[in-house]
Structure formats: C-alpha cells, structure tokens
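Q: My questions all concern the structure below.
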Amino acid sequence: MARPKKSVPAEIKETAAIAAPAAEEAKKETAKKPAAKKSAAPKAADKKPAAKRGRKPAAEKKPAAKKATAPKASEAKGTRKPKGLAYSDIVAAAKKKILAADITKIKYPIAANVELSGKFIENEDSNNRNIFYIFIDPDKQEISVEPYRYNDYDVTINADAEELMSVLKGKKNIYDALSEGIHIHGNTKKSILLIHSAF
C-alpha cells in the first residue's frame, strides 16, 4: 500500500521558488567575472629614482676661468721699448746694406755724412746722436759705416729716419725716397756714384 505524499506548505514553496533563481543568477555572475589579475610587479626599467627631498639638481659644470698670465719681463715697468726707430738700429741697417755694395766703378774716395731727422730714438752721446758717416776707399776696396761725424766730407745726406730705414730694408726705392724724405747736398758726381753703388 502506497504511502500518502506529505503536502508542502505554500509558504515554503514560494520561498524555494524565489531562492532557486537567485542562486542560479549568483552562479552565472561569478562565472562571468574573470579572476582578478595579479598586479604585475613594475619592471626595473620603469622604476624612476625617487626625487631626493630638499635637494636641487646639480648645476652643469662651467669651464674654469683662464688664469691671467703674468706680464712678460719686457712689459714690466721701466723695461718697455720706447716707440720709434732706434739710432743704433738705423746705423746697423746702413752697415748691412752699404758694406755689401759694389764699389768697383768708384775711382776716388767718397766721404758722406748722413744726418737723421724725424721720429727716432736719439743716441745718448750728444755729439753724434743723429749722424753717422759713410766712407768709401777705392784703393783698399773698403767701406766704413760708423756712428760719428766725418770732418772732411764730400756729401751730406739729410734723411728722415723712417724713409731711410725703408730704403735700407728694401721696402722703398732710393729714387722715390729722394723726392720725399731724403735730400743730398755736396759734390754732384760723388753723390751720384754713392747713390748708385751704396743704395
């Protein structure tokens, strides 16, 4: 004989009917949601150094300033060369130029005083500070250029120091200088021979 089925109260049926779909929906939602990804550790390259507090970035290094060089000995006080041509330099240049002259065509002695003017440094000796002489001895085939006055002279050459130096250094022709800063007086024939041979 079959047992009679127990009747379930209506209230329990309703709560079961409500609970069942709610449980299924919860299962579906958990299935839809992907598992939370583990946060990846930051790469070493991505890491930036933390800024140090209270410190400013180091300024770019500037090149060290050049040290002032000490003045040369020649520039020290009292040792600077005065401006202008030195008398001794003019005489030395005249010696170099005139001693190399060809005097084979000269047949008799020529003595000339060269008197300097213009901007040049005078010699300490007041007797010959602006004069030197040229002496040509054809018998001995000798030429003398000395920083003194020649007493028995044949020719006088008045020369601006700078003009004469230009001629002696080969920067200027003697014939151009004769019309500008050099003038010759005395024996005409000897003057022409001296100019042709010595300058």
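The values are calculated or read from the model by the stated rules, or taken from the named source; none is laboratory data. Being a predicted model, the structure only gives us computed values, none of them experimental. FYI the Cβ positions are ideal-geometry reconstructions off the backbone, even for glycines, and counts take in every protein chain you see. Each accessible area value is taken on the protein alone, full model and side chains, heavy atoms only, with ligands, DNA and RNA left out. Shrake-Rupley method; radii C 1.70, N 1.55, O 1.52, S 1.80 Å.
Q: List the residue pairs whose Cβ atoms are under 6 Å apart, where the first residue sits in region 165-183 and is among the charged types (D, E, K, R), the second is at pLDDT 90 or above, and the two are 6 or more positions apart or on different chains.
A: Once the first residue is among the charged types (D, E, K, R) and sits in region 165-183, its partners that are at pLDDT 90 or above give Lys172/Ser166.
Q: Determine whether Ser88 is in contact with a Pro (Cβ under 9 Å, 6 or more places away or on another chain) and not in a loop (DSSP other than H, G, I, E, B). Spell out how you get there, then give the answer.
A: Working: in contact with a Pro (Cβ under 9 Å, 6 or more places away or on another chain): yes; not in a loop (DSSP other than H, G, I, E, B): yes.
Against the criterion (in contact with a Pro (Cβ under 9 Å, 6 or more places away or on another chain) and not in a loop (DSSP other than H, G, I, E, B)), Ser88 qualifies.
Q: I'd like the full set of residues that are assigned to a helix (DSSP H, G or I), open to solvent by 80 Å² or more (accessible area, probe 1.4 Å) and of a type outside the set (A, V, I, L, M, F, W, C), limited to region 177-197. Steps first, please.
A: Keep residues of region 177-197 that are assigned to a helix (DSSP H, G or I), which gives 177, 188-197.
Next, from what is left, pick out any that are open to solvent by 80 Å² or more (accessible area, probe 1.4 Å): 188-189, 192, 196.
Hits for region 177-197 are Thr188, Lys189, His196.
Q: Say whether the condition of being at pLDDT below 90, surrounded by 10 or more Cβ atoms within 10 Å (Cβ to Cβ) and touching a strand residue (DSSP E or B) at 6+ places or on another chain (Cβ under 6 Å) is met by at least one residue in region 133-144.
A: Applying the first criterion (at pLDDT below 90) to region 133-144 yields none.
Looking through region 133-144, none of the residues is at pLDDT below 90, surrounded by 10 or more Cβ atoms within 10 Å (Cβ to Cβ) and touching a strand residue (DSSP E or B) at 6+ places or on another chain (Cβ under 6 Å).
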